[in-house]
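J.: My questions will all concern the structure given below.
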Amino acid sequence: MPTHYTTLFVTLDIGKNVNWLAAYAGFDLKPVIPPLEVLSDRSGFERVIAEIDRLLGSGQYNQVVLGHEPTGIYHQGWARALAEHYAAHRDGRVQPPLEYRLINPLVSKRRREQSNNGRKRKSDKIDLLAMALCLRDGQGQPAFVPTAADLQFQLWSQSYCQLFQDQHRLALRLLAQLDRLWPGAVVNLKRFRQMHPTLEPPVPLILSRPLERERVRAILAHCPNPHDFLALGQEGIQAFYRQHLGRCGPATAQLAFQVVSQALLPPPDIADPLARQLQADFQRYLALEQQLHTLAEQTQTLVPGSPAEVLTTIPGLSTFLAARYLAYLGQPQRFTSAAQVWAFAGFDPVIEQSGDFRRVGHISKKGSPGLRNTLYQIGFHTSQHLPAITRAKQSALKRGLGQVGATLHAANKANRLCFHLLYHQLPFDPNRSR
């Protein structure tokens with residue numbers, strides 16, 4: 001009489017050209033299908049489902065758990081085919097039930113090292129067992145196969161995330177070049193006063209967000225060489241700003257002239273190539289800015305009918321912010337709580353603990369800067385429209401937090417609301433907002 005096992009664990013290690021299959025039975029993971037190497041084409045797929053179907057029809061197992069890592073793009077074709085082939089088992093129409101899960105590669109890596117006593121050994125066979133251990137212990141998230149509408153949103157989110165990262169990196173480069181070519185034009189006065197209270201603070205060209213200020217943008221686009229700008233004189237600078245901005249008073253022109261006059265500029269032969277590079281990089285920055293603007297406009301037709309639509313029922317949350325939130329989360333079901341989203345963004349605090357000592361430090365920033373920016377914007381806008389989040393921000397201000405810290409406090413509360421609505425696909429109910 002055959003031995004009866006409660007659960008069968010089936011694991012796949014998916015690659016570009018070759019996949020591996022293994023199956024294990026029961027809590028002790030007794031091998032049922034030894035590691036089997038197959039091609040990643042249709043013949044390999046037919047071989048895999050034939051092996052799994054044989055076990056499903058054996059009557060030995062009350063439950064089957066199938067899982068693998070999401071390996072970039074290579075798993076997508078197999079994931080869709082597996083989900084469709086075992087749809088009846090997954091929704092309970094056919095017995096035994098089959099649960100299909102995706103395993104975080106970092107989780108399986110840790111399990112692999114644990115099972116090998118910390119040794120960094122890796123092979124396809126070892127990976128199969130490590131994933132089986134993860135499945136046995138309930139790790140992994142439900143596998144989701146995107147629909148055509150989901151795919152359209154995923155492509156949008158990939159484009160937006162990539163462009164945002166490109167623009168962020170280019171912005172850092174521009175600011176460094178600006179400091180090199182126009183020293184003193186951009187200064188963080190708040191930080192300067194904190195670090196040098198006895199010194200007279202400098203007078204910069206602008207106070208904050210330089211790449212968003214029209215005066216700086218006009219310089220970068222039309223006169224990036226500080227020697228050329230200085231040669232204009234005060235009246236010429238006023239005319240320059242009026243030509244490109246439409247307005248400029250004598251005080252603004254005088255300030256700009258003084259900033260450049262007092263700066264320790266690089267020699268003209270050095271400044272010229274630096275200025276040309278700065279201007280070229282700024283043109284690329286403007287092109288990225290326009291592409292991001294186009295993507296923002298697309299959300300007006302993309303978000304309706306998508307999972308992100310429920311977020312637009314929150315007062316103050318635009319289709320653009322709703323799309324960004326879902327774009328960075330991907331599949332919301334891979335998170336179990338809003339706290340995980342907060343940590344995924346890098347807003348979780350650094351904690352040091354040993355014995356009776358425990359210290360909570362600054363935020364880790366070990367996460368997505370794009371998601372951090374998105375959450376901050378959500379906190380800012382919802383705090384202006386939603387009383388519950390407004391009170392959270394005001395309470396933080398009363399406790400002595402600055403505007404940024406208080407906005408982040410509001411963003412934390414807004415994130416909990418957004419995640420709950422998105423995860424459960426529930427519209428915002430103002431009667432339940434407290």
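The values are calculated or read from the model by the stated rules, or taken from the named source; none is laboratory data. Computed from a predicted model, the values in this text were never measured in an experiment. Cβ sites come from the backbone with ideal geometry, for glycine too, and all protein chains shown count toward neighbours.
J.: State whether one or more residues within the range 123-138 are modelled with pLDDT under 90 and more than 22 Å from Val18 (Cβ to Cβ). Lay out the reasoning, then the answer.
T.: Within the range 123-138, the first condition is being modelled with pLDDT under 90, and the residues that meet it are 123-126.
Cutting the leftovers down to more than 22 Å from Val18 (Cβ to Cβ) gives us none.
No - not one qualifying residue is present in the range 123-138.
J.: Exactly one of (1) under 30 Å from Ala88 (Cβ atoms); (2) touching a residue at least 24 places away in the same chain (Cβ under 8 Å); (3) of a type in the set (S, T, N, Q) is unmet by Thr147. Its number?
T.: That leaves (2) as the condition not met.
J.: Got a sec? Which helices (runs of 4 or more DSSP H) wholly within the range 69-146 have at least 3 residues that are surrounded by 15 or more Cβ atoms within 10 Å (Cβ to Cβ)? Quick ask: steps written out before the conclusion?
T.: Values: elements: 74-85, 87-90, 105-115, 124-136.
The qualifying helices (runs of 4 or more DSSP H) are 74-85, 105-115, 124-136.
J.: Another question, if that's okay. Give the range 167-182 a look and list any residue that's under 27 Å from the mean Cα position of the chain (by Cα) and among the basic types (Lys, Arg), or say none.
T.: If the condition is that a residue be under 27 Å from the mean Cα position of the chain (by Cα) and among the basic types (Lys, Arg), then Arg169, Arg173 are the ones that fit.
J.: Can you tell me which residues in the range 361-402 are modelled with pLDDT under 90, assigned to a helix (DSSP H, G or I) and farther than 24 Å from Gln162 by Cβ?
T.: If the condition is that a residue be modelled with pLDDT under 90, assigned to a helix (DSSP H, G or I) and farther than 24 Å from Gln162 by Cβ, then no residue fits.
J.: Here's a follow-up. Would you call Gly67 at positive phi and either touching a residue at least 24 places away in the same chain (Cβ under 8 Å) or not assigned by TED's automatic domain parsing to the domain that holds Arg324 (or both)? Can you show your working first?
T.: Details: at positive phi: no; either touching a residue at least 24 places away in the same chain (Cβ under 8 Å) or not assigned by TED's automatic domain parsing to the domain that holds Arg324 (or both): yes.
No, not satisfied.
J.: Okay, moving on. Is it the case that Ala271 is assigned by TED's automatic domain parsing to the domain that holds Pro226 and crowded, with 19+ Cβ neighbours inside 10 Å? Break it down stepwise before answering.
T.: Working: assigned by TED's automatic domain parsing to the domain that holds Pro226: yes; crowded, with 19+ Cβ neighbours inside 10 Å: yes.
For Ala271, the condition - assigned by TED's automatic domain parsing to the domain that holds Pro226 and crowded, with 19+ Cβ neighbours inside 10 Å - is met.
J.: Need pairs with beta-carbon distance below 8 Å; first residue within 21 Å of Arg242 (Cα to Cα) and without any contact (Cβ under 8 Å) to a residue 60 or more places away in the chain and within the range 196-221, second assigned to a helix (DSSP H, G or I) and among the charged types (D, E, K, R); sequence gap 6+ or separate chains.
T.: Leu205/Arg215; Ile206/Arg215
J.: While we're on this one: Yes or no: Asn19 of a type in the set (S, T, N, Q) and surrounded by 15 or more Cβ atoms within 10 Å (Cβ to Cβ)?
T.: In short, yes.
J.: Check the range 183-202 and report whether any residue there is modelled with pLDDT of 90 or more, within 28 Å of the chain's Cα centre (by Cα) and aliphatic (A, V, I, L, M).
T.: No - not one qualifying residue is present in the range 183-202.
J.: On to the next question. Just give me the residues in the range 172-192 being in a helix (DSSP H, G or I) and surrounded by 12 or more Cβ atoms within 10 Å (Cβ to Cβ), in sequence order. Give the derivation first.
T.: Here is the first cut: in the range 172-192, the ones in a helix (DSSP H, G or I) are 172-181, 189-192.
If the condition is that a residue be in a helix (DSSP H, G or I) and surrounded by 12 or more Cβ atoms within 10 Å (Cβ to Cβ), then Arg173, Leu174, Leu175, Gln177, Leu178, Asp179, Arg180, Leu181, Leu189, Lys190, Phe192 are the ones that fit.
J.: Residue under question is Leu286, and the condition is that it be crowded, with 16+ Cβ neighbours inside 10 Å and among the aliphatic types (A, V, I, L, M); does it hold?
T.: Numbers: crowded, with 16+ Cβ neighbours inside 10 Å: no; among the aliphatic types (A, V, I, L, M): yes.
No: the conditions fail for Leu286.
J.: Can you list the helices (runs of 4 or more DSSP H) found entirely within the range 230-334 that contain at least 2 residues being touching a residue at least 60 places away in the same chain (Cβ under 8 Å)? Give the derivation first.
T.: Details: elements: 233-245, 250-262, 268-302, 319-329.
Fully inside the range 230-334 and qualifying: 250-262, 268-302, 319-329.
J.: Residues in the range 209-225: is at least one part of a loop (DSSP other than H, G, I, E, B) and hydrophobic (A, V, I, L, M, F, W, C)? Show your work before the answer.
T.: Step one: filter the range 209-225 for residues part of a loop (DSSP other than H, G, I, E, B), giving 209, 213, 223-225.
Checking the rest, the ones that are also hydrophobic (A, V, I, L, M, F, W, C) come to 223.
Yes, the range 209-225 has at least one match.
J.: Right, next: Name the pairs: first residue in the range 156-179 and without any contact (Cβ under 8 Å) to a residue 24 or more places away in the chain, second residue surrounded by 14 or more Cβ atoms within 10 Å (Cβ to Cβ), Cβ to Cβ under 7 Å, at least 6 apart or on different chains?
T.: Asp179/Val186
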